[in-house]
Amino acid sequence: MISSSFADECFGKLILGIGKEQFKSCFQITDLNDNNLKLVLNCSVKQRLAEVN
């Protein structure tokens, strides 16, 4: 399991710093079969990106 605050610090800030397209071209998250984990990661990233827009 991953906390939402860790997901934000690890992925949210990274995506915000380098940009979504750069992140997608450099990183690939694989074997993510846990739906709760997907939800936490997606929510953290969406919230961080919403702060910019």
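Once the Cα atoms of helix 35-52 and of the chain are each reduced to a long axis, what angle between those two axes, in degrees from 0 to 90 to the nearest 10, is obtained?
It is inclined by approximately 20 degrees.
Which percent of the accessible area of the chain is formed by carbon and sulfur heavy atoms (probe 1.4 angstrom)? Don't jump to the answer; show the numbers that get you there.
Numbers: 2100 of 4090 Å².
Of the solvent-accessible surface of the chain, carbon and sulfur hold 51 percent.
Please compute P(r) over all alpha-carbon pairs of the chain, binned at 10 Å starting from zero, and give each bin as a whole-number percent.
Pair shares across the bins are 25, 57, 18, 0.
How much area per residue is accessible in the chain when the probe is 1.4 Å and only protein heavy atoms are counted (Å²)? Spell out each step's value before the answer.
Working: 4090 Å² over 53 residues.
Spelled out: the 1.4 Å probe surface of the chain, per residue, equals 77 Å².
Can you give the relative contact order of the chain as a percent, counting alpha carbon pairs under 8 Å and 6+ residues apart?
Working: 31 pairs, mean separation 32.5, N = 53.
Relative contact order here is 61 percent.
The values are calculated or read from the model by the stated rules, or taken from the named source; none is laboratory data. No experiment lies behind these values; they were computed from the predicted model shown. Surface areas here come from the heavy atoms of the whole protein model, side chains and all, with no ligands, DNA or RNA. Shrake-Rupley method; radii C 1.70, N 1.55, O 1.52, S 1.80 Å.
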